[in-house]
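Asks: Below is the structure I would like to discuss, written out as structure tokens.
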Amino acid sequence: MVVSSARLMKKASREGYAIPAFNIDNLESAIAVSEVIHEMRLPVIVQMIPRTLNYGGIAMYPAMMRELMADCPVDYALHLDHGNSLALAQKCIASGFSSVMFDGSAMSFEDNVRLTKEVTDYALPMDVSVEGELGTIGGKEEGDTDLEATYTKVSEATEFIRRTNVSTLAIGVGTAHGVYKGEPKINVQRIKEIHEAIPTPLVLHGASGLSDEVVRACIEAGISKINFATELRQAYTNGIKAEFAKDPEVFDPKIYMRGAIDEIKKVLRAKINICYGINE
Ligand SMILES: [Zn+2]
């Protein structure tokens, strides 16, 4: 059943694990996620960024997941990742999303509050949870940036939650999107401080490339949702490359795409084990 992200995350927060959130791109990544949910029987969040929705069509992704999950009783959430407008959130909700993010982290604090609140005012009465973002999650050039300035401040997080009523909050603690250049420095202490100050479930973006130990430390400190995107896309592409290396003459996508699906599934299983604290 499709449920809100916040519902899954509140339970995770109480019980000391995190819900893995997987960015899908197309039918093949949706099949990979669905097959792993069927196999492991644990809730996950399936999410799409606006560029993905432009690629496949907003209504396509919930439709694919509904079809693939029709026979499976495990709860999951359908989430808009890095949404950038109320209009997009509304379209997603109309298509069956159970959760939306509004990312106003690049705006001033006041604009972020105002526009995020527009989304919560619209979505929360429909039992759709809203993820806000405060602080900076890297992703472009790593220069001599002032790290402290990128971290989410406890006082700002408290005020942001009070004024926007967001269901969940993505925080900046030193992670970055995409591929890390050099060893990332994650401020686990700051996660702990924010978690102790506010009851709102916290989200970690940019977890591809973090060691399993760092991810576990973040969960122990109070993170209840972890986003994985880059590593899934890398696995997908590596799977296709391996199929062509095995047989350069292969021309049926159903054959070489199976290689991509199986590679993604390996990463999905590993991330689910880390997030749920399952030791193999
Ligand atoms: Zn992100």
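Asks: Pull out the extension gain between T237 and N165, defined as 0.36 nm times the separation in residues minus the alpha carbon to alpha carbon distance; nm, one decimal. Please list the in-between numbers first.
Replies: On the way: separation 72, 0.36 × 72 = 25.92 nm, distance 3.92 nm.
Length difference between fully extended and current span is 22.0 nm.
Asks: As an exercise, find the ratio Rg/Rh for segment 216-280 from alpha-carbon atoms, using the Kirkwood inverse-distance average for Rh. Walk me through the intermediate numbers first.
Replies: On the way: Rg = 15.3 Å, Rh = 13.3 Å.
Expressed as Rg/Rh, it is 1.15.
Asks: When the chain is fully extended, how far beyond the present Cα-Cα distance does V154 get from S85, taking 0.36 nm per residue of separation?
Replies: That pair, V154 and S85, stretches by 22.3 nm at full extension.
Asks: In addition: Give me the extension gain from K266 to E118: residue separation times 0.36 nm, minus the current Cα-Cα distance, reported in nm with one decimal.
Replies: Full extension of this stretch gives 49.4 nm more.
Asks: Springs between alpha-carbon atoms under 10 Å, Gaussian network over the chain: tell me which of P62, P199, P253 tops the mean-square fluctuations.
Replies: P253
Asks: OK, next. For each of S4, S105, count neighbouring Cβ atoms within 10 Å of the residue's Cβ, then give the residues from fewest to most.
Replies: Final ranking by Cβ density, sparse to dense: S105, S4.
Asks: If you take the beta carbon distance between E39 and R258 as r and set R0 to 22 Å, what does 1/(1 + (r/R0)^6) give as a FRET efficiency, to the nearest 0.05?
Replies: Values: r = 16 Å, r/R0 = 0.72.
The value I calculate is 0.90.
Asks: Starting at 0 and stepping by 10 Å, how many percent of the alpha carbon pairs of the chain end up in each bin?
Replies: Calculated P(r), rounded to whole percents: 7, 30, 37, 20, 5, 1.
Asks: So how far apart, in nm, are the two label points at E213 and R14 if each is 7 Å from Cα heading toward Cβ?
Replies: Going from the E213 label point to the R14 one covers 3.3 nm.
Asks: Same structure again: Per residue of the chain, what 222 nm ellipticity follows from adding -39500 (n - 2.57) for every DSSP H run with n ≥ 4, rounded to the nearest 500?
Replies: Numbers: 12 runs with 142 residues, N = 280.
Value at 222 nm, helices only, nearest 500: -15500 deg cm²/dmol.
Asks: From the phi of every residue in segment 171-182, what ³J(HN,Hα) in whole Hz does the Karplus formula 6.51 cos²θ - 1.76 cosθ + 1.60 yield, where θ is phi - 60° and glycine or proline is x?
Replies: So the J values, rounded to whole Hz, are 10, x, 9, x, 7, 9, 6, x, 9, 6, 9, x.
Asks: Could you give the distance between the Cα centres of segment 1-74 and segment 158-187, to the whole Å?
Replies: 21
Asks: Taking Rh as the Kirkwood radius, which is the inverse of the mean 1/r over Cα pairs, what is the Rg/Rh value for segment 61-110? Could you put the intermediate results ahead of the total?
Replies: Details: Rg = 13.5 Å, Rh = 12.2 Å.
For segment 61-110, the value is 1.10.
Asks: Ignoring the sites themselves, what is the longest stretch of the chain with no trypsin sites (Lys or Arg not before Pro) in a DSSP loop and at most 12 other beta-carbon atoms within 10 Å?
Replies: Numbers: sites that count: R41, K140, K181, K185.
Here the longest segment lacking exposed loop sites spans 42-139.
Asks: Student exercise: in segment 129-270, how many lysine pairs 8 or more apart or on different chains have Cα atoms under 22 Å apart?
Replies: Number of lysine pairs found: 18.
Values in this text are rule-based calculations from the coordinates and carry no lab data. Because the structure is a prediction, the values reported are computed rather than measured. So basically every Cβ, Gly included, is an ideal-geometry build from the backbone, and we count neighbours across all protein chains shown.
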